[in-house]
Amino acid sequence: MSSSREFHLAHPVPPHPARAAAICSGMLVIGVGVVIWASLDAAGPASLTPVQLVMAYVVAALLITISIAAPVAAWRRRRGQTEESPALVLDDQGFTAWGGLRVDWRDVTSWEVFHHDEVYDDDVPEDHPDYIGPSQVDERLILVHADRPERFLRRLEPEVRAAYADDAYGTGKRFGTPIRIGVDGLDAPSDEVVAEFGRYSGTSARPH
(Lines give C-alpha, C1' and ligand atoms only; values in the text may rest on other atoms or scores of the structure.)
Protein backbone atom coordinates (compact mmCIF):
# COMPACT_ATOMS: atom_id res chain seq x y z
CA MET A 1 0.00 0.00 0.00
CA SER A 2 1.22 3.46 -0.84
CA SER A 3 1.75 5.90 2.01
CA SER A 4 -1.22 8.07 1.03
CA ARG A 5 -3.88 8.68 -1.61
CA GLU A 6 -5.18 12.14 -2.47
CA PHE A 7 -8.47 13.03 -4.10
CA HIS A 8 -9.11 16.49 -5.54
CA LEU A 9 -12.28 18.16 -6.68
CA ALA A 10 -13.01 17.27 -10.27
CA HIS A 11 -12.79 20.03 -12.87
CA PRO A 12 -14.22 20.15 -16.39
CA VAL A 13 -11.84 18.72 -18.96
CA PRO A 14 -10.35 21.65 -20.90
CA PRO A 15 -10.28 21.48 -24.70
CA HIS A 16 -7.25 19.89 -26.31
CA PRO A 17 -4.37 22.43 -26.32
CA ALA A 18 -3.88 22.18 -30.10
CA ARG A 19 -7.59 22.72 -30.75
CA ALA A 20 -7.79 25.63 -28.30
CA ALA A 21 -4.69 27.23 -29.82
CA ALA A 22 -6.14 26.87 -33.32
CA ILE A 23 -9.43 28.49 -32.27
CA CYS A 24 -7.68 31.40 -30.54
CA SER A 25 -5.31 31.87 -33.47
CA GLY A 26 -8.23 31.90 -35.90
CA MET A 27 -10.05 34.51 -33.82
CA LEU A 28 -6.88 36.63 -33.71
CA VAL A 29 -6.39 36.40 -37.47
CA ILE A 30 -10.04 37.32 -38.12
CA GLY A 31 -9.87 40.22 -35.66
CA VAL A 32 -6.70 41.63 -37.25
CA GLY A 33 -8.19 41.11 -40.70
CA VAL A 34 -11.30 43.07 -39.77
CA VAL A 35 -9.12 45.93 -38.47
CA ILE A 36 -7.08 46.02 -41.70
CA TRP A 37 -10.19 45.84 -43.88
CA ALA A 38 -11.96 48.60 -41.93
CA SER A 39 -8.83 50.79 -42.01
CA LEU A 40 -8.40 50.40 -45.78
CA ASP A 41 -12.07 51.11 -46.31
CA ALA A 42 -11.88 54.24 -44.18
CA ALA A 43 -8.78 55.42 -46.11
CA GLY A 44 -10.30 54.74 -49.53
CA PRO A 45 -13.66 55.47 -51.07
CA ALA A 46 -16.14 55.40 -48.23
CA SER A 47 -18.39 52.34 -48.60
CA LEU A 48 -19.10 51.90 -44.88
CA THR A 49 -20.99 54.38 -42.80
CA PRO A 50 -19.35 55.73 -39.63
CA VAL A 51 -21.62 53.50 -37.54
CA GLN A 52 -20.59 50.43 -39.53
CA LEU A 53 -16.92 51.33 -39.15
CA VAL A 54 -17.32 51.63 -35.38
CA MET A 55 -19.12 48.26 -35.25
CA ALA A 56 -16.34 46.66 -37.30
CA TYR A 57 -13.68 47.97 -34.92
CA VAL A 58 -15.71 46.81 -31.90
CA VAL A 59 -16.07 43.29 -33.33
CA ALA A 60 -12.35 43.20 -34.15
CA ALA A 61 -11.44 44.37 -30.65
CA LEU A 62 -13.65 41.67 -29.09
CA LEU A 63 -12.11 38.92 -31.22
CA ILE A 64 -8.55 40.04 -30.46
CA THR A 65 -9.29 40.44 -26.75
CA ILE A 66 -10.87 36.99 -26.47
CA SER A 67 -8.05 35.35 -28.42
CA ILE A 68 -5.55 36.77 -25.90
CA ALA A 69 -7.62 36.60 -22.70
CA ALA A 70 -8.80 32.99 -23.14
CA PRO A 71 -5.29 31.42 -23.02
CA VAL A 72 -4.35 33.64 -20.05
CA ALA A 73 -7.50 32.62 -18.16
CA ALA A 74 -6.89 28.94 -18.93
CA TRP A 75 -3.30 29.22 -17.67
CA ARG A 76 -4.46 30.87 -14.45
CA ARG A 77 -7.14 28.21 -13.99
CA ARG A 78 -4.64 25.38 -14.45
CA ARG A 79 -2.28 27.09 -12.03
CA GLY A 80 -5.05 27.43 -9.44
CA GLN A 81 -5.98 23.76 -9.85
CA THR A 82 -2.43 22.59 -9.25
CA GLU A 83 -2.22 24.69 -6.07
CA GLU A 84 -5.62 23.56 -4.76
CA SER A 85 -5.60 21.50 -1.56
CA PRO A 86 -6.95 17.95 -1.85
CA ALA A 87 -10.55 17.38 -0.79
CA LEU A 88 -9.72 14.01 0.79
CA VAL A 89 -6.44 12.41 1.83
CA LEU A 90 -6.22 8.77 2.93
CA ASP A 91 -3.12 7.40 4.63
CA ASP A 92 -2.11 4.53 6.89
CA GLN A 93 -2.98 6.42 10.08
CA GLY A 94 -6.29 8.02 9.11
CA PHE A 95 -7.93 10.51 6.76
CA THR A 96 -8.13 14.26 6.28
CA ALA A 97 -11.36 15.61 4.81
CA TRP A 98 -12.81 18.98 3.83
CA GLY A 99 -11.92 21.88 6.08
CA GLY A 100 -8.96 20.08 7.65
CA LEU A 101 -11.02 17.48 9.53
CA ARG A 102 -8.59 14.81 10.70
CA VAL A 103 -9.65 11.40 12.07
CA ASP A 104 -7.37 8.45 12.86
CA TRP A 105 -8.44 4.94 11.89
CA ARG A 106 -8.10 3.77 15.49
CA ASP A 107 -10.90 6.16 16.45
CA VAL A 108 -13.32 4.92 13.77
CA THR A 109 -15.87 2.45 15.15
CA SER A 110 -17.65 1.89 11.81
CA TRP A 111 -18.49 3.55 8.52
CA GLU A 112 -21.19 3.27 5.90
CA VAL A 113 -22.10 4.51 2.45
CA PHE A 114 -25.25 6.61 2.46
CA HIS A 115 -27.30 7.70 -0.55
CA HIS A 116 -28.53 11.18 0.29
CA ASP A 117 -31.54 11.77 -1.95
CA GLU A 118 -33.73 14.64 -0.77
CA VAL A 119 -35.73 17.57 -2.08
CA TYR A 120 -35.19 20.72 -0.04
CA ASP A 121 -37.38 23.79 -0.18
CA ASP A 122 -36.32 27.32 0.66
CA ASP A 123 -36.66 28.57 4.21
CA VAL A 124 -38.21 31.78 2.87
CA PRO A 125 -41.83 32.25 1.67
CA GLU A 126 -42.62 31.73 -2.00
CA ASP A 127 -43.45 35.41 -2.45
CA HIS A 128 -40.04 36.49 -1.08
CA PRO A 129 -37.60 37.92 -3.68
CA ASP A 130 -34.91 35.42 -2.60
CA TYR A 131 -37.13 32.38 -3.09
CA ILE A 132 -35.66 30.03 -5.71
CA GLY A 133 -37.89 27.00 -5.23
CA PRO A 134 -37.18 23.37 -4.30
CA SER A 135 -33.73 21.94 -4.96
CA GLN A 136 -32.82 18.30 -5.50
CA VAL A 137 -29.88 16.81 -3.61
CA ASP A 138 -28.64 13.47 -4.93
CA GLU A 139 -25.24 12.46 -3.58
CA ARG A 140 -23.33 9.61 -2.00
CA LEU A 141 -21.72 10.15 1.38
CA ILE A 142 -19.38 8.17 3.58
CA LEU A 143 -20.71 8.43 7.14
CA VAL A 144 -17.96 7.81 9.67
CA HIS A 145 -18.96 6.78 13.20
CA ALA A 146 -16.70 7.31 16.21
CA ASP A 147 -16.97 7.71 19.98
CA ARG A 148 -17.70 11.35 20.84
CA PRO A 149 -17.30 12.52 17.22
CA GLU A 150 -17.74 16.16 18.25
CA ARG A 151 -14.19 16.15 19.66
CA PHE A 152 -12.80 16.00 16.11
CA LEU A 153 -14.59 19.23 15.24
CA ARG A 154 -13.02 21.37 17.96
CA ARG A 155 -9.85 22.13 15.99
CA LEU A 156 -11.76 23.34 12.91
CA GLU A 157 -12.60 26.88 11.87
CA PRO A 158 -15.98 28.04 13.26
CA GLU A 159 -17.78 28.01 9.89
CA VAL A 160 -16.39 24.58 9.02
CA ARG A 161 -17.26 23.22 12.47
CA ALA A 162 -20.82 24.54 12.11
CA ALA A 163 -21.23 22.85 8.71
CA TYR A 164 -20.15 19.48 10.09
CA ALA A 165 -22.16 19.87 13.33
CA ASP A 166 -25.39 20.42 11.43
CA ASP A 167 -26.12 16.81 10.54
CA ALA A 168 -29.87 17.12 10.02
CA TYR A 169 -31.41 16.42 6.62
CA GLY A 170 -34.84 16.04 5.15
CA THR A 171 -37.79 16.32 7.50
CA GLY A 172 -36.04 16.07 10.84
CA LYS A 173 -33.92 13.03 9.99
CA ARG A 174 -30.33 12.71 11.17
CA PHE A 175 -27.23 11.34 9.52
CA GLY A 176 -26.20 9.94 12.90
CA THR A 177 -22.70 11.42 12.77
CA PRO A 178 -21.22 14.82 11.92
CA ILE A 179 -18.29 13.18 10.13
CA ARG A 180 -19.42 13.03 6.52
CA ILE A 181 -17.38 12.72 3.33
CA GLY A 182 -18.85 13.47 -0.09
CA VAL A 183 -17.57 10.98 -2.64
CA ASP A 184 -19.19 12.57 -5.71
CA GLY A 185 -17.49 15.32 -7.65
CA LEU A 186 -13.95 14.12 -6.99
CA ASP A 187 -11.30 13.33 -9.59
CA ALA A 188 -12.03 9.60 -9.31
CA PRO A 189 -15.23 7.54 -9.60
CA SER A 190 -17.23 7.36 -6.37
CA ASP A 191 -16.90 3.56 -6.24
CA GLU A 192 -13.12 3.92 -6.36
CA VAL A 193 -13.17 6.48 -3.52
CA VAL A 194 -15.28 4.12 -1.39
CA ALA A 195 -13.03 1.16 -2.20
CA GLU A 196 -9.89 3.12 -1.29
CA PHE A 197 -11.49 4.27 1.95
CA GLY A 198 -12.14 0.65 2.88
CA ARG A 199 -8.66 -0.42 1.82
CA TYR A 200 -6.89 2.19 3.93
CA SER A 201 -9.20 1.76 6.91
CA GLY A 202 -8.81 -2.00 6.83
CA THR A 203 -12.56 -2.47 7.41
CA SER A 204 -15.67 -2.89 5.31
CA ALA A 205 -18.64 -0.57 5.19
CA ARG A 206 -21.47 -1.66 7.44
CA PRO A 207 -24.83 -2.26 5.75
CA HIS A 208 -27.02 0.81 5.71
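The values are calculated or read from the model by the stated rules, or taken from the named source; none is laboratory data. Keep in mind that what you see is a predicted model, and the values were worked out from it rather than measured. Cβ: placed from backbone, ideal geometry, glycine included. Neighbour counts: every protein chain shown. Remember, those area values only see protein heavy atoms, side chains included, never the ligands or the DNA or RNA. Shrake-Rupley method; radii C 1.70, N 1.55, O 1.52, S 1.80 Å.
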Response to the item:
Per the rule of 0.36 nm per residue minus the C-alpha distance, extending His8 to Asp167 adds in nm 54.9 nm
Worksheet item: How much net charge surrounds Asp107 when only other residues with a Cβ under 12 Å from its Cβ are counted (Lys, Arg +1; Asp, Glu -1)?
Response: +2
Response to the item:
Rounded to one decimal in nm, the spacing of the 7 Å Cα→Cβ label points at Tyr57 and Glu159 is 4.5
Item to complete: Return the distance in nm (one decimal) between the two label points of a simple spin-label model at Ser39 and Ala70, each offset 7 Å from Cα along Cα→Cβ.
Response: 2.4
Response to the item:
Non-local residues with an amide H under 5 Å from the amide H of Leu186, with H modelled 1.01 Å from N and Pro and chain starts lacking one, are Ala10
Worksheet entry | Solvent-accessible heavy-atom area per residue, rounded to whole Å², over segment 88-154 at 1.4 Å | 57
Fill in: Cut-off under 5 Å, modelled amide H: who pairs with Tyr169 long-range
Arg174, Phe175
Worksheet entry | Relative packing of peptides 189-200, 128-139 - highest average C-beta neighbours within 10 Å first | 189-200, 128-139
Practice prompt. Return the distance in nm (one decimal) between the two label points of a simple spin-label model at Arg174 and Val29, each offset 7 Å from Cα along Cα→Cβ.
Written response: 6.7
